[in-house]
Amino acid sequence: MDLNNVLGFPILTWSIFLPTLGAILIWLFVRNDNLVRWAALLVSVATFLLTLLLWVYFDNSTAHMQFEELHPWIASFNVNYRLGVDGISMPFIILTSLLTVICIVSAWNCIQTRVKEYMLAFLIMETTLIGVFAALDAILFYFFWEAMLIPMYLIIGIWGGKNRVYATIKFFL
């Protein structure tokens, strides 16, 4: 049973952009570091629960793409906002959302500087990673892949370990 057909609910779009929506709201309205942590955790848990619907409604009896969404994006170049999952990408999406929750919880006490920026970077990275796993258009995939590099670069460069500058240069190259 496909959730898109049952409720008319674009589960992949919501799974992708819920972390970004949460990041924007945190950026605009939350000032206290402790509240930032709780808000980021709430958004990441909500995203994880939303992605669990993919597993619940996934039909293992078919090899076809499921939860497909198709909208014209750049029509003159035949570039579409096309999403879907199969038996390989669906677990990766769920794992990405679970690992985001784990990363936010594990950073609870060890990240003491620029807490807000760290949490926002992780939520934006969650958006881009889920987008990478759900994209069915090559240009859309490339967009999410390249966008994923930005928060990853910042996370490594600002909150990385002792050799973070060296690591960011290697990551960039």
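Where Lys and Arg each count +1 and Asp and Glu each count -1, what net charge lies around ASN80 among other residues with Cβ under 13 Å from its Cβ? Charge balance near ASN80 sits at -2. Quick check: from the Cα gyration tensor, does segment 52-109 come out rounded (a/c under 1.5), prolate or oblate? Oblate is the answer for segment 52-109, as a/c is 1.5 or above yet b/c matches or exceeds a/b.
When the square roots of the Cα gyration tensor eigenvalues are ordered a ≥ b ≥ c, the ratio a/c for the chain is 1.5 or more and a/b exceeds b/c, which makes its shape prolate. Using R0 = 45 Å, the C-beta based FRET efficiency linking TRP38 and ASN78 works out to 0.55. In a DSSP loop and with at most 16 other Cβ atoms within 10 Å, the trypsin sites (Lys or Arg not before Pro) in segment 64-165 are ARG114, LYS162. Rounded, prolate or oblate: which fits segment 22-88 when a ≥ b ≥ c are the square roots of the eigenvalues of the alpha-carbon gyration tensor, with rounded for a/c under 1.5 and prolate only if a/b beats b/c? Oblate is the answer for segment 22-88, as a/c is 1.5 or above yet b/c matches or exceeds a/b.
Simple spin-label estimate for ILE139 and TRP27 gives 2.4 nm between the two label positions (7 Å along the Cα-to-Cβ direction from each Cα). The relative contact order of the chain, computed from alpha carbon pairs under 8 Å that lie at least 6 residues apart in sequence, is 25 percent.
Stretching ILE102 away from TYR153 to a fully extended chain increases their span by 16.4 nm, per 0.36 nm per residue minus the current alpha-carbon distance.
Read-outs: derived from the displayed coordinates by stated rules, not from any lab. Nothing here was measured: the structure is a model prediction, and the numbers come from that model. Cβ coordinates were reconstructed from backbone atoms using ideal geometry, including for glycine residues, and neighbour counts include every protein chain displayed.
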